[in-house]
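Visitor: Pasting a structure here, questions to come.
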Amino acid sequence: MSTDRPKARKPRRRIQTDQKARVPVRRAVSAEVEGQRQQGDPTVCATLEAAWAAADPAGDLGLTHAFHTYPARMHPQIARTLIEEFTETGNVILDPFCGGGTVPLETMVAGRRPIGSDLNPLAIRVAATRTRRRNKEERQAFLGLVEDIAERSTDRVRERVPVLAKIPRSETRWYGPHILKEMAGLLEEIRTTEDKEVRNDLEMIFSSLIVKFSNQESDTAERETTKRLRKGLVTEFFARKASELCEGWEAIESALPERFFPPRLRQSDARKVDRLRPKIS
């Protein structure tokens, strides 16, 4: 950060204060650094720059971060770095735009108290699945259930069991007829699950396949493309994604500190975030 004074004579920065409340007020500092503009407290700027530099877009995201795409999500390494730099064990960290749960998950494994809210109900459901804690026995039971569901779905495909896809007619154009039929049958089998949390996780696995098996180019591009997808592939990917999710849950179990705090996740308007303020004992 440039200055008119010699580097050997760094003056102590004066802190402006609010005379009534006697609260320190940081002056905004701005500078051009290698084509990037920095503005604000220099120490905070340096930490943010380090967090950004630590995020490897090509690296392994770890834990369950790779499960279920979510638009404009924060790289977990950025969240991890900022949590370590700006908070201490046991602190409450609230993310009022938690999306798929990146910050709540990193908060939990760092031994802080996570609170996440988002207006999008899908965000809360994805975040709940990503931050789930399941031990070895629970993971094995989950995979056993997935195997049963996949077997029933495969039988449906083989026997051509009639099923109705309950989606708007305008959405059906994105799917091949056999893909739409297999997905509708798979969802029916998933929804026979009684346990609410387990059913949510199964439905989120299903949700992660919706764009992949459509004729939409990607999650962020609505251009139509042609995909040649064989029968049974949807069910195979469902089972594969469930296995990957369980591997992520296993990684969470290994990463959790001895004392951790499960996240509080709520569908909520960020303008009403005060309602989420916890009573810490």
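The values are calculated or read from the model by the stated rules, or taken from the named source; none is laboratory data. No experiment lies behind these values; they were computed from the predicted model shown. Here the Cβ is made from the backbone with ideal geometry for all residues, glycine too, and neighbour counts use every protein chain on show.
Visitor: Restricting attention to the range 150-199, which residues are within 19 Å of F237 (Cβ to Cβ) and in contact (Cβ under 8 Å) with a residue 60 or more places away in the chain?
Guide: Hits for the range 150-199 are A150, S153, T154, V157.
Visitor: Which residue pairs have Cβ atoms under 6 Å apart, sit 6 or more places apart or on different chains, and have a first residue in the range 241-268 that is under 12 Å from F142 (Cα atoms) and a second that is among the basic types (K, R) and in a helix (DSSP H, G or I)?
Guide: C246/R139; W249/R139
Visitor: Given the residues R266, R271, which is the only one that is in contact with a strand residue (DSSP E or B) (Cβ under 6 Å, 6 or more places away or on another chain) and either of a type in the set (D, E, K, R) or under 12 Å from R132 (Cα atoms) (or both)?
Guide: Every option except R266 fails the conditions.
Visitor: Continuing with the same structure: Select, from R125, R133, R156, the only residue that is in a helix (DSSP H, G or I), more than 19 Å from T69 (Cα to Cα) and not β-branched (V, I, T).
Guide: Going through R125, R133, R156 in turn, the sole match is R156.
Visitor: Can you give me the ranges of the helices (runs of 4 or more DSSP H) entirely in the range 163-242 with at least 2 residues that are under 22 Å from the mean Cα position of the chain (by Cα) and either under 26 Å from G144 (Cα atoms) or at pLDDT 90 or above (or both)?
Guide: So the answer is 196-207.
Visitor: Answer yes or no as to whether T47 is surrounded by 13 or more Cβ atoms within 10 Å (Cβ to Cβ), among the hydroxyl-bearing types (S, T, Y) and either modelled with pLDDT under 85 or not assigned by TED's automatic domain parsing to the domain that holds G100 (or both).
Guide: yes
Visitor: Go through (1) under 21 Å from D148 (Cα atoms); (2) among the charged types (D, E, K, R); (3) without any contact (Cβ under 8 Å) to a residue 60 or more places away in the chain and name the single condition D274 misses.
Guide: Among (1) under 21 Å from D148 (Cα atoms); (2) among the charged types (D, E, K, R); (3) without any contact (Cβ under 8 Å) to a residue 60 or more places away in the chain, the lone unmet condition for D274 is (1).
Visitor: Can I ask one more? Testing P257 on (1) in contact with a helix residue (DSSP H, G or I) (Cβ under 7 Å, 6 or more places away or on another chain); (2) at pLDDT 95 or above; (3) in a loop (DSSP other than H, G, I, E, B), one condition comes back false. Which one is that?
Guide: Unmet condition: (1).
Visitor: I'd like the full set of residues that are over 21 Å from L48 (Cβ atoms) and assigned to a strand (DSSP E or B), limited to the range 93-115.
Guide: Hits for the range 93-115 are R113, I115.
Visitor: Report every pair of residues separated by at least 6 positions or lying on different chains whose Cβ atoms are under 6 Å apart, first residue within the range 117-140 and in contact (Cβ under 8 Å) with a residue 60 or more places away in the chain and not assigned by TED's automatic domain parsing to the domain that holds L202, second acidic (D, E) and not in a loop (DSSP other than H, G, I, E, B).
Guide: Qualifying pairs under 6 Å: I124/D118; T129/D201.
Visitor: While we're here: As an exercise: evaluate R37 against (1) assigned to a strand (DSSP E or B); (2) surrounded by fewer than 17 Cβ atoms within 10 Å (Cβ to Cβ); (3) modelled with pLDDT of 85 or more and give the number of the one condition it does not meet.
Guide: Tallying (1) assigned to a strand (DSSP E or B); (2) surrounded by fewer than 17 Cβ atoms within 10 Å (Cβ to Cβ); (3) modelled with pLDDT of 85 or more, R37 fails exactly one: (3).
Visitor: Inspect all residues belonging to the range 216-233 and state whether any of them is surrounded by 19 or more Cβ atoms within 10 Å (Cβ to Cβ), in contact with a helix residue (DSSP H, G or I) (Cβ under 8 Å, 6 or more places away or on another chain) and of a type outside the set (K, R).
Guide: No, because not a single residue in the range 216-233 is surrounded by 19 or more Cβ atoms within 10 Å (Cβ to Cβ), in contact with a helix residue (DSSP H, G or I) (Cβ under 8 Å, 6 or more places away or on another chain) and of a type outside the set (K, R).
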